[in-house]
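The values are calculated or read from the model by the stated rules, or taken from the named source; none is laboratory data. Given the structure is predicted, the values throughout are model-derived calculations rather than measurements. Every residue, glycine among them, receives a Cβ derived from its backbone with ideal geometry; neighbour counts consider all protein chains shown. The protein model used for the area step is the full one, side chains on, heavy atoms only, and it has no ligands, DNA or RNA in it. Shrake-Rupley method; radii C 1.70, N 1.55, O 1.52, S 1.80 Å.
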Amino acid sequence: MLEWSSAGPAVGAAFLASIVEVVEAFTIVLVVATLRGWKPAVLGTGAALFVLAAIVVVLGPLLDQVPLHLLQLVIGVLLLLFGVGWLRKAALRAGGVIPLHDEDAIFAEETAGLTAEVERRQASQDWIAGIAAFKAVLLEGLEVIFIVIAVGAGRGMLWPASLGALAACALVLVVGVIAHRPLARVPENTLKFGVGVMLSAFGVFWTGEGLGVDWPGHDLALFVFAALFLVAGIMAARMVRQPIREVTP
C-alpha cells in the first residue's frame, strides 16, 4: 500500500511539471488548428502520442533490468541538473533579468512562423502544419516522460507519477478546449519556480539514495530539501532583481 508521504510528492511534481509542458504543446497545436483547421492538428498530435506510447512500452521493461541503486543515482543526477536549470531560469525571471514566459506572445510568434513557412512552401500546407503539431507534442511529451520516470522510478512510484501527469494533460485539454485560446492566465512562471524546487529536491534525494545514504526521516527529507531550494531560489531572485530606475525631470 502506497503512503501519501511517498506518493504525494511524486504526484505533485509530475502534475505541476506536466502542466508546464502540456501548456506549451497546446499553444502550438492551437496555432495549427487556428491556421489550418483541426484535422492536421489532431493528426499530428495523434502521431506524436503514438510514438510516445511506443517509447513508454519499450522503456518500461528496460527499467526493470537496471539495478535500483544505479537507477536512483543516474536519475538523481539528471533530475538535479534539470531541476536546478528550471529553478535558475525561474529565479532570473522573478528577478526581472530575463522576460517572463508569455503564452500569448508565443502564440503570435508561432503563428507568424508557421504562416511564413506555409507561404514559402505552397504545396502540402496541411502536411507542414501537421508536422508542427507532431514536433511540439513529441518534444514536450518526451520531457513529461522523463519527469514521470525521474520522480517515479526510484521507489516504484511510476503509476502515481503517471496519474499526476495524466491529470495535468486532462486539465489543460479541458480548459484549453473550453477557452479555445492560449492559456496565458496559467501562472506558468510560478509553476516553473515550484517545479524547479521539487525536481531539485528529488534530485538530491535520489542521488543520496543511489549512493546508499540513509536520509533522516526517510521520505520526509524531501520536504526539507524542497524548503531549502525554495529559500535559495527566493534569495537568488532577490539578489539578481533589477533596480527600478527613477526618471529624473
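Worth pointing out:
- Selection count, region 46-65, where residues are in contact with a Phe, Trp or Tyr (Cβ under 9 Å, 6 or more places away or on another chain) and closer than 16 Å to ALA165 by Cβ: 1
- Close pairs (9 angstrom Cβ cut-off, 6 or more residues apart or separate chains): modelled with pLDDT under 80 in region 209-229, exposed (fewer than 13 other Cβ atoms within 10 Å of the Cβ) anywhere: ASP219/GLU3
- Summed over region 54-69, the residues that are surrounded by 12 or more Cβ atoms within 10 Å (Cβ to Cβ), among the hydrophobic types (A, V, I, L, M, F, W, C) and modelled with pLDDT of 75 or more give a count of 3.
- In region 19-53, residue most open to solvent (accessible area, probe 1.4 Å) [restricted to those that are polar (S, T, N, Q) and either under 13 Å from LYS135 (Cα atoms) or modelled with pLDDT of 80 or more (or both)]: THR45
- Within region 208-226, the residues that satisfy the criterion of being part of a helix (DSSP H, G or I) and open to solvent by 50 Å² or more (accessible area, probe 1.4 Å) are HIS218, LEU220, PHE223, VAL224.
- Complete set of residues in region 150-164 that are open to solvent by 20 Å² or more (accessible area, probe 1.4 Å), closer than 23 Å to ALA48 by Cα and at pLDDT below 80: LEU158, TRP159
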